[in-house]
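Have a look at the structure below, then the notes.
The values are calculated or read from the model by the stated rules, or taken from the named source; none is laboratory data. Source: prediction; values computed, not measured. FYI the Cβ positions are ideal-geometry reconstructions off the backbone, even for glycines, and counts take in every protein chain you see.
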Amino acid sequence: MSVNEETVFFNAGQPRLEGRLWLASGPWAAIITHPHPLYGGELDNPVVAALTGVYQRLGYSTLRFNFRGVGASAGDYDDGRGERDDVRAAAAFLEAAGKTVTDLAGYSFGAWINLGLDPPLAGVRRLLLVAPPVAYLDFDGMVAPPSVALRVVAGDRDGFAPLDVLREQLPRWQPAAGLRVLPGADHFFHGNALDRLAALVETLLAAPAGP
């Protein structure tokens with residue numbers, strides 16, 4: 001945990017969720033969502049932590065949190081339905097702190113959750129999907145609004161997010177979506193791939209957020 005992050009709790013309906021909050025001076029904020037709860041996904045996942053650090057370095061407030069049933073978050077896994085309510089609750093928590101959620105970043109299962117928000121969160125201008133598991137979860141029918149910049153990052157050795165499937169599905173999510181490929185990276189960004197991922201994402205986020 002960053003020395004500047006604060007452990008917080010907020011309600012998503014009945015479940016009380018655990019999060020890590022970092023408040024920057026400006027109004028912009030990002031929510032970062034973690035991998036699959038049934039397979040060890042949680043807010044301290046190394047990819048989630050790396051994405052959070054990138055946003056913090058760029059001056060965003062950040063909130064990463066445990067989905068219902070994970071860590072100190074109450075409730076039970078809900079096959080994506082309740083987890084999308086969790087994201088909405090996280091956005092409401094940030095908005096109550098005076099921050100506007102402009103970015104949703106998700107890794108693996110978290111990417112699936114964020115892209116599947118229907119209706120999408122008002123105010124979000126960019127969706128960052130890292131290793132969306134198109135070979136494992138059903139992305140059919142999911143779309144990003146044309147007003148949102150959709151950015152996708154995946155490794156060329158990722159069996160959960162194979163590039164041929166990603167390239168076939170990406171135009172359905174949004175015709176203007178951009179895909180960046182990280183050579184030599186698997187789904188878990190082992191080795192030095194995590195540092196290379198952070199550098200690539202920082203470059204993407206520093207660019208204008210328009211489609």
Inset, instruction - Have a look at 127, 115 and point out the one that is in contact with a helix residue (DSSP H, G or I) (Cβ under 7 Å, 6 or more places away or on another chain), buried (at least 16 other Cβ atoms within 10 Å of the Cβ) and over 16 Å from residue 80 (Cα atoms). - result: 127
Legend entry - Given (1) part of a strand (DSSP E or B); (2) of a type in the set (Val, Ile, Thr); (3) over 13 Å from residue 31 (Cα atoms), index of the condition residue 70 fails: (1)
Inset, instruction - Using the structure shown, decide if residue 72 is surrounded by fewer than 22 Cβ atoms within 10 Å (Cβ to Cβ), within 25 Å of residue 55 (Cα to Cα) and modelled with pLDDT under 95. - result: no
Inset, instruction - Tell me, yes or no, whether the range 98-106 has at least one residue that is buried (at least 23 other Cβ atoms within 10 Å of the Cβ), out of contact with any Phe, Trp or Tyr (no Cβ under 7 Å at 6 or more places or on another chain), without any contact (Cβ under 8 Å) to a residue 60 or more places away in the chain and under 23 Å from residue 151 (Cβ atoms). - result: no
